[in-house]
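Here the structure comes first, spelled out in structure tokens, and everything after it is commentary.
The values are calculated or read from the model by the stated rules, or taken from the named source; none is laboratory data. Being a predicted model, the structure only gives us computed values, none of them experimental. Note that each Cβ is placed from the backbone with ideal geometry, even for glycine, and that neighbours are counted across all protein chains shown. Keep in mind that these areas ignore ligands, DNA and RNA; they rest on the heavy atoms of the full protein, side chains included. Shrake-Rupley method; radii C 1.70, N 1.55, O 1.52, S 1.80 Å.
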Amino acid sequence: LRTIPITLTNIGRGPLPFTGLYTTSGIGGYILSTNGYSRTQFGGFFGVGMRFGGMFAEAKYHQVNGGVNGLSPNGLAILIGKQF
């Protein structure tokens, strides 16, 4: 299953107790495709992340309204990367 989210995203810094900690949320369209089938569905996500140096780690939970070919992209995504 290939998922391409195209979302409007909010990153919140708020009164969080740890430096570098942030929240994120978003809604929009998710382009789903697998084995020659393709579909665009509405969905959203919420998550929490941490910045340290030029790196970041983020956990997001995606909830999409439907799937494609019996598969659904709903669930937890863990991202680790470098900011440029």
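Among the residues of segment 29-43, is any over 17 Å from Leu1 (Cβ atoms), in contact (Cβ under 8 Å) with a residue 24 or more places away in the chain and among the small types (Gly, Ala, Ser)? There is no residue in segment 29-43 that is over 17 Å from Leu1 (Cβ atoms), in contact (Cβ under 8 Å) with a residue 24 or more places away in the chain and among the small types (Gly, Ala, Ser).
Of the residues making up segment 1-40, those that are part of a loop (DSSP other than H, G, I, E, B) and either modelled with pLDDT of 90 or more or over 23 Å from Phe52 (Cα atoms) (or both) are Leu1, Asn35, Gly36.
Entry remark, segment 31-51: residues being open to solvent by less than 90 Å² (accessible area, probe 1.4 Å), hydrophobic (A, V, I, L, M, F, W, C) and within 19 Å of Ile80 (Cα to Cα) number 3 in total.
Of the listed requirements (1) in a strand (DSSP E or B); (2) open to solvent by less than 40 Å² (accessible area, probe 1.4 Å), Gly66 misses just one: (1).
Taking the criterion of being of a type in the set (Val, Ile, Thr) and touching a Pro at 6+ places or on another chain (Cβ under 7 Å), the only residue of segment 36-84 that qualifies is Val64.
Figure legend. Inter-residue proximity from segment 73-84: first residues without any contact (Cβ under 8 Å) to a residue 60 or more places away in the chain and in a strand (DSSP E or B), second residues open to solvent by less than 60 Å² (accessible area, probe 1.4 Å) and acidic (Asp, Glu), beta-carbon distance below 9 Å, spacing 6+ or different chains. Indicated pairs: Ala77/Glu58; Ile78/Glu58; Leu79/Glu58; Ile80/Glu58; Gly81/Glu58. Between Gly75, Gly20, Gly54, Gly28, the distinction of being on the phi < 0 side of the Ramachandran plot, in contact with a strand residue (DSSP E or B) (Cβ under 9 Å, 6 or more places away or on another chain) and open to solvent by less than 90 Å² (accessible area, probe 1.4 Å) belongs to Gly54 only.
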